[in-house]
1. Post the alpha-carbon centroid distance, segment 214-242 to segment 6-28, in whole angstrom.
2. In Å, the Kirkwood hydrodynamic radius of segment 3-84 over pairs of distinct alpha carbons?
3. State the volume of the convex hull built on the alpha-carbon positions of segment 172-282, expressed per residue in Å³ and rounded to an integer.
4. Among L16, L142, L98, whose mean-square fluctuation peaks in a Gaussian network model of the chain (Cα, cutoff 10 Å)?
5. At a 1.4 Å probe, what is the % contribution of carbon and sulfur to the accessible area of the chain?
6. Give, in whole angstrom and from largest to smallest, the semi-axes √(5λ) of the equivalent ellipsoid of segment 105-151, with λ running over the eigenvalues of the Cα gyration tensor.
7. State, as an integer percentage, the relative contact order of segment 139-244 based on alpha-carbon contacts under 8 Å between residues 6 or more apart.
8. Of the beta bridges DSSP finds with both residues in the chain, what % are antiparallel, to the nearest 5?
Amino acid sequence: RPGTPMDFRWKDMRELIEGFELARRDVVFAYDLAWEPSHFDERHQRGYDGLWTAWTERRHGSIEAAERAWGQAMPRDGGRPRVPPPSMLVADGPWRKLVADYRRFLDDLVGERYAEARRLVRTIDPHHPVSFRMQHAGDPTLDWEALLPYDFPGLAGAVDIWEPEAYGRIGDWDRVKAGRFTADWARLWDPAKPIVWAEMGYDVWDRARGAQHPGRLDFAARYYRDFYRMMRESGADGVFFWWWPGGFRVGENSDFGIIEPDGTDREVTRVIREEGPRFLSA
């Protein structure tokens, strides 16, 4: 794919859209301009040192003024200002105001670049909504130094659909119900945008046995039923299940299928047949 909006290769993207005449295709639902971007891991964040420094100077007038406002020194690397280390982003401390500013900087950065990518796409296709698969965005339970998700405040003016993914919601009802927060958090920033769970699924493949695991098949059915409940209670607008065909998937070494390889139903298939109409009429 020709780059995420953080590094948008518009010439290549334009050739894709125009070459396949996508603006005329009513079978196209939307544009996902990025798939689970992880630009807020530490490696990518270190590339923002200069941008973060410049943003801080614009906001506060100088690094010294920012440090007085934060009550905290700006992190440095050999004397050169740098972004906060991941440890600051997942734990509270005297750096709280610094991190709040840093999160605002990231919101501004991602919002600006994604909005510009959407603007460019709309110049040649005004018909289809533009967004991206948002991975852990809006997940209130994620606490991981290796990844800081994009957040909804910066995206509110840059996408047409909220597209969180549900892999952080795998578990019993207590784990699933946190998706209600994700929906409310998205609506706080733009209640007009639809909320579509862009990926939701569960791997039933047992690598040790080289076959489906019966216990996982049973759990998948319970999990999907709970997920439908969460979507009804939160007023979600849609879901894409990962994946359609069951059976071993080469490369990913998984089985996320919602139907058996021979086309017959699984337990989870029956859940979808039962819960889908209830969801649509909720």
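The values are calculated or read from the model by the stated rules, or taken from the named source; none is laboratory data. These numbers were taken from a predicted model, which means no experiment stands behind them. Backbone-built Cβ (ideal geometry, glycine too); neighbour counts: all protein chains shown. Quick note on the areas: whole protein, heavy atoms, side chains included, nothing else; ligands and nucleic acids left out. Shrake-Rupley method; radii C 1.70, N 1.55, O 1.52, S 1.80 Å.
1. Value for the Cα centre distance between the two parts: 32 Å.
2. One decimal place: 16.0 Å for the Kirkwood radius.
3. Looking at segment 172-282, the number lands at 109 Å³ per residue.
4. For the chain, modelled as a Gaussian network with Cα springs under 10 Å, the answer is L16.
5. 52
6. On the way: eigenvalues 141, 31, 9 Å².
The three semi-axes for segment 105-151 are 27, 12, 7 Å.
7. On the way: 128 pairs, mean separation 34.1, N = 106.
Normalised by residue count, the contact order of segment 139-244 is 32 percent.
8. 35
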